[in-house]
Amino acid sequence: MPARKPRMPKVAPAPPYSNGFLSVVDERSGTNYRIAVEDGAIRATDLHQIRSRPEEPGLLSYDPSFANTASCRSAITFIDGDKGILRYRGYPIEELAASKSYLEVAYLLIHGSLPTKSQLADWLYNITHHTMLHENVQKFMDGFHHDAHPMAMMVSTLAALSTFYPDAKNISDEHIRYQQAFRLIAKVPTVAAFAHRHSTGMPYIHPSNDLSYTENFLAMMYRPSWTTQYTPDPVLAKALDTLFVLHADHEQNCSSNAMRAVGSSHADPYSCAAAAAAALYGPLHGGANEQVVRMLQEVGSKERVPQLIRQVKEGRRLLMGFGHRIYKSYDPRARLIQQVAEEVFAVTGRNPLIDVALALENIALSDDYFISRRLYPNVDFYSGIIYQAMGFPTDMFPVLFAIPRMSGWIAQWIEMLQDPEQKIARPRQVYIGPPERHLEVTGVRVPVRRPARTVDTRPRPRTPGPRPAS
Ligand code: ACO
């Protein structure tokens, strides 16, 4: 059923772009074109009118990996990559991290404004009361091999949830859409913790409604059994909550783009979230936090940092946790994460890898290779070190990214469905394959294009003949 397309979402004031027109001269034909510039962009479809000869296809813009293409108008997250600014719905990330909980921020991302007291109470109630997984989901997860990667379990289980909530297919119903938002945000920590318990062979610990979002997650991860008491450390629960705020959304990144692209075909949100989680799993995106810690462990000490830098500069490997498509100065999340690290270490003791990481950052930021390419630490550079100090196994790190990013994916998905300009995501291509050619069968050329035959469709006169035997 097609999604209801009510109205364009309210748009936050745009950065100070001057609107107007772009004059383009096609030197092939000498023709002038006037193309409208709005909010710092031209419409790629306006290029279609440009052709040097009438029979030629219209001009395309070629942009592999969307390096300079806006796929949507969005009012959710603003990034200024040159200045290192990140805002959710207009609020600076620093202010949100200092004073709002992850679930308040999730509400903000999805609804566009921070919740009132009663809205927050309803929101928390709804999230808290959707944390359970159907018993059959547990059985489904039991089927994974003991050493399955928890992020692969997460991807598959999110897709499997679609079979438990067939009503979710009704994406045009606003109430049903929001019900899936509660379910996904509520259940993703349960799926994550169950993936961990499965890989360690520990009994599943069901959610506790009397705990906060992150306390509940820590309890499901670490409580030895139902008969054993476990009290999550409040400092660690708060630190994890701050990390969740920092990871909640990041505009049109690879996984949000996957969420929107799959959602544009009107697939249900569980299938979309599985696709988004699969995109996040990759080591160039949310899987980088796992690779950073593996890289730091391999380096082992500050003394061996120059050797790693040399390998990176020789092009033999990437410096994981460095570089970003949008940030060309310090990632503001990486700066905030360093503060969280100190809070966590005060409880857990200092993770020695932080000193290797700091030495690596110091050397890299004074080296021309990194300076000239504007490569700075990104969010993944320090997050894994904190997760490790908190006792999370290394392969859980991408999963820890997926839990909070769920709210961003849902916000992006809902905005996409409500945007009257959005259609099925279907990029164009520049074909570079062979021109038309034909099959040869045992030396005989098979004609592909036969001359058109005229078919006589007039009724034929009956020819008298023997009747078929009855
Ligand atoms: N280490 C070494 N060199 C790098 C790195 C790195 N981490 N990142 C980029 N470069 C180099 C590239 O080789 C390229 O050099 P060149 O101009 O000599 O060819 C130049 O910097 C530009 O890099 P691109 O690949 O064009 O940058 P792009 O925007 O395509 O990639 C990405 C961004 C994927 C994040 C990249 O920087 C990278 O692979 N980083 C390591 C993985 C990582 O940390 N990913 C997490 C990103 S944050 C997130 O997704 C949550």
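The values are calculated or read from the model by the stated rules, or taken from the named source; none is laboratory data. Quantities reported herein were computed from a predicted structural model and do not represent experimental measurements. Every residue, glycine among them, receives a Cβ derived from its backbone with ideal geometry; neighbour counts consider all protein chains shown. For the accessible areas, the whole protein counts, side chains as well, though only heavy atoms, and no ligand, DNA or RNA atoms are used. Shrake-Rupley method; radii C 1.70, N 1.55, O 1.52, S 1.80 Å.
Among the residues of segment 34-69, the ones that are out of contact with any helix residue (DSSP H, G or I) (no Cβ under 9 Å at 6 or more places or on another chain) and either part of a loop (DSSP other than H, G, I, E, B) or open to solvent by 70 Å² or more (accessible area, probe 1.4 Å) (or both) come to 21 in all.
If you scan segment 60-75, which residues turn out to be over 30 Å from residue 110 (Cβ atoms) and in contact (Cβ under 8 Å) with a residue 24 or more places away in the chain? Matches in segment 60-75: 60, 62.
Looking at segment 272-300, I want the residues that are more than 17 Å from residue 155 (Cα to Cα) and of a type in the set (Gly, Ala, Ser) and have a partner that is open to solvent by less than 30 Å² (accessible area, probe 1.4 Å) and more than 13 Å from the ligand (Cβ to nearest atom) with Cβ atoms under 8 Å, at least 6 apart or on another chain. Which pairs are those? Within 8 Å, the pairs are 300/356.
For segment 210-239, filtered to residues that are among the β-branched types (Val, Ile, Thr) and touching a residue at least 40 places away in the same chain (Cβ under 8 Å), the residue that is surrounded by the most Cβ atoms within 10 Å (Cβ to Cβ) is 214. Within segment 243-256, being assigned to a helix (DSSP H, G or I) and buried (at least 22 other Cβ atoms within 10 Å of the Cβ) holds for 243, 244, 245, 246, 247, 255, 256. Scanning segment 192-209 for residues that are assigned to a loop (DSSP other than H, G, I, E, B) and surrounded by fewer than 19 Cβ atoms within 10 Å (Cβ to Cβ) yields 201, 202, 203, 204, 206, 208, 209. Kindly evaluate residue 184 against the criterion of being farther than 22 Å from residue 98 by Cβ and among the hydrophobic types (A, V, I, L, M, F, W, C). Against the criterion (farther than 22 Å from residue 98 by Cβ and among the hydrophobic types (A, V, I, L, M, F, W, C)), residue 184 qualifies.
Which of the residues belonging to segment 158-186 are within 17 Å of residue 410 (Cβ to Cβ) and hydroxyl-bearing (Ser, Thr, Tyr)? Correct list: 162, 165, 172, 178.
Among residues of segment 315-343 that are in contact (Cβ under 8 Å) with a residue 12 or more places away in the chain and closer than 19 Å to residue 374 by Cβ, those with a Cβ under 7 angstrom from a residue that is within 12 Å of the ligand (Cβ to nearest atom) and among the acidic types (Asp, Glu), sequence gap 6+ or separate chain, pair up as 321/380; 324/331. In this structure, residue 113 does not qualify as open to solvent by less than 70 Å² (accessible area, probe 1.4 Å) and either touching a residue at least 60 places away in the same chain (Cβ under 8 Å) or more than 24 Å from the chain's Cα centre (by Cα) (or both).
Residue pairs whose Cβ atoms lie under 6 Å apart, separated by 6 or more positions or on different chains, with the first residue in segment 365-385 and part of a helix (DSSP H, G or I) and the second more than 9 Å from the ligand (Cβ to nearest atom) and open to solvent by 10 Å² or more (accessible area, probe 1.4 Å), are 382/338; 385/351; 385/353.
Filter segment 314-335 down to residues that are buried (at least 21 other Cβ atoms within 10 Å of the Cβ) and part of a helix (DSSP H, G or I) and give me whichever is farthest from the ligand (Cβ to nearest atom). It comes out as 332. Apart from one condition, residue 304 fits all of (1) in a helix (DSSP H, G or I); (2) more than 16 Å from the ligand (Cβ to nearest atom); (3) farther than 26 Å from residue 86 by Cα; (4) touching a residue at least 40 places away in the same chain (Cβ under 8 Å); the exception is (4). Looking across segment 79-105, not a single residue is in contact (Cβ under 8 Å) with a residue 24 or more places away in the chain, within 23 Å of residue 413 (Cα to Cα) and open to solvent by 70 Å² or more (accessible area, probe 1.4 Å). Using the structure shown, decide if residue 197 is closer than 20 Å to residue 409 by Cα and among the charged types (D, E, K, R). Against the criterion (closer than 20 Å to residue 409 by Cα and among the charged types (D, E, K, R)), residue 197 does not qualify. If you filter segment 257-298 down to residues that are within 14 Å of the ligand (Cβ to nearest atom), crowded, with 18+ Cβ neighbours inside 10 Å and more than 12 Å from the chain's Cα centre (by Cα), you find that the one that is nearest to residue 67 (Cα to Cα) is 288. If I filter segment 329-341 for residues that are at pLDDT below 95, acidic (Asp, Glu) and more than 29 Å from residue 85 (Cβ to Cβ), do I get at least one hit? The answer is no, given that none of the residues of segment 329-341 is at pLDDT below 95, acidic (Asp, Glu) and more than 29 Å from residue 85 (Cβ to Cβ). In segment 345-401, the qualifying residues are those that are open to solvent by less than 10 Å² (accessible area, probe 1.4 Å), under 19 Å from the mean Cα position of the chain (by Cα) and away from the ligand (no atom under 11 Å from the Cβ), and the one that is nearest to residue 273 (Cα to Cα) is 399.
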